Structure formats: C-alpha cells, structure tokens
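Heads up, the thing below is written out as structure tokens.
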Amino acid sequence: MRIADVYSRRGRNLIGFWARLLVTSIGLLIASKLVSGIEFSGVPSLFFAAFVLGGVNAVIRPLVILLTIPFTLITLGFFLFIVNAAMLGLSAFLVPGFSVAGFSSALFGSIIVSITGMLACWYIGPKDTVEVLIIEENKT
C-alpha cells in the first residue's frame, strides 16, 4: 500500500464525514422549522448537535436496538421510531443550546432527520464518498 493511497482514502472519508454532518445539520434545521418544540440557540449549537447525534447514533443506538429486539419484533419494527426519538432527546440533553420540548417533538423531529438522511444517502455512497451519476445518451 502506498502512502498516497492512505492519504487519498483518508481524504475521501473526511469528505463523507463532513457531508454527513452537513446533512444531519440540515435535517435538524428543517425539523426545528417544521416541529414546534425543537429549538437551537445558534448555528454552533446546531452543528454540535448534529455531531453529537451522529456519535449517539453510532455508539448508543446499536446497544439500545440490541436490548430492545423483543419490543421491536412485537411491534413489527415500529419501536425503532421510539428509539430514534430517544436518541434525539438524549442529544438535546447533552448539547447546551439545543432543546426538544417533549416526546412528540422528538418523534416527529427524528422522522424528519431520518428522511433527510435517507434522501442524502442517495448521493453519499456506502463508503462515505460523494457520488455523482452521469448519464450519457448514446447517439448512434
């Protein structure tokens, strides 16, 4: 493996990280505009909340999902909405300047952030690279 390959790979991962952070921030901003009860004190708290939400979703959410498998199976997966709302509420608890008023605000806010992330995943690939699809018409 060449050193240039390592730097090249690291740069792509950083682009993916920043892209996901930006997407999560946009999702949180949209949620704060559409859902009453989700508020930010400023742009720094918005980006910090997106960063913390990403960390909570990467570390704590898998453990919670593992521990709540019976509830998830019984409710045919709908319990995952509650888990997502709890992760948003936990992020609001950890970030000063970010507040979620109650469970319904957390639930609807987490749905909006999830939809925003899903739409962005069409452009950010599984390897954290920004993908652009160019379709050329064959003129023969």
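LEU29: at pLDDT 95 or above and either under 17 Å from the mean Cα position of the chain (by Cα) or buried (at least 19 other Cβ atoms within 10 Å of the Cβ) (or both), yes or no? Write out each step before concluding.
On the way: at pLDDT 95 or above: yes; either under 17 Å from the mean Cα position of the chain (by Cα) or buried (at least 19 other Cβ atoms within 10 Å of the Cβ) (or both): yes.
The answer is yes for LEU29.
So is SER91 surrounded by fewer than 17 Cβ atoms within 10 Å (Cβ to Cβ) and either modelled with pLDDT under 95 or within 12 Å of the chain's Cα centre (by Cα) (or both) or not? Write out each step before concluding.
On the way: surrounded by fewer than 17 Cβ atoms within 10 Å (Cβ to Cβ): no; either modelled with pLDDT under 95 or within 12 Å of the chain's Cα centre (by Cα) (or both): yes.
No; evaluated as a whole, the condition is false for this residue.
Please name all residue pairs, on different chains or six or more residues apart, with Cβ atoms under 8 Å, provided the first residue is in the stretch 52-74 and is at positive phi and the second residue is of a type in the set (A, V, I, L, M, F, W, C) and surrounded by fewer than 10 Cβ atoms within 10 Å (Cβ to Cβ).
As it stands, the answer is none, since no pair meets every condition given.
Contact list please: Cβ distance under 8 Å, first residue in the stretch 78-90 and touching a residue at least 12 places away in the same chain (Cβ under 8 Å), second residue outside any helix (DSSP H, G or I), pairs at least six apart or on different chains.
VAL83/THR68; LEU88/VAL100; GLY89/VAL100
Considering only the stretch 67-95, state which residues are within 24 Å of PHE51 (Cα to Cα) and not in a helix (DSSP H, G or I).
Scanning the stretch 67-95 gives a single hit, VAL95.
Taking the condition of being buried (at least 17 other Cβ atoms within 10 Å of the Cβ) and either aliphatic (A, V, I, L, M) or outside any helix (DSSP H, G or I) (or both), how many residues in the stretch 38-63 meet it?
Here the count works out to 8.
May I ask you to list the residues in the stretch 82-94 that are out of contact with any helix residue (DSSP H, G or I) (no Cβ under 6 Å at 6 or more places or on another chain) and over 19 Å from VAL23 (Cα atoms)? Quick ask: steps written out before the conclusion?
Taking the stretch 82-94 first, the residues out of contact with any helix residue (DSSP H, G or I) (no Cβ under 6 Å at 6 or more places or on another chain) are 82, 86, 92-93.
Scanning the stretch 82-94 gives ILE82, ALA86, PHE93.
Would you be able to tell me the number of residues in the stretch 12-26 that are over 9 Å from the mean Cα position of the chain (by Cα), β-branched (Val, Ile, Thr) and buried (at least 16 other Cβ atoms within 10 Å of the Cβ)?
Narrowing the stretch 12-26 to residues over 9 Å from the mean Cα position of the chain (by Cα): 12-19, 22, 26.
Now restrict to residues that are β-branched (Val, Ile, Thr): 15, 26.
Now narrow it down to the ones that are buried (at least 16 other Cβ atoms within 10 Å of the Cβ): 26.
Of the residues in the stretch 12-26, 1 are over 9 Å from the mean Cα position of the chain (by Cα), β-branched (Val, Ile, Thr) and buried (at least 16 other Cβ atoms within 10 Å of the Cβ).
For the stretch 96-106, which positions are over 16 Å from the mean Cα position of the chain (by Cα) and in a helix (DSSP H, G or I)?
PHE103, SER104, SER105 - these are the residues of the stretch 96-106 that are over 16 Å from the mean Cα position of the chain (by Cα) and in a helix (DSSP H, G or I).
The values are calculated or read from the model by the stated rules, or taken from the named source; none is laboratory data. Not measured: the values here are computed from a predicted model. Glycine gets a Cβ as well: all are built from the backbone with ideal geometry, and neighbour counts include every protein chain shown.
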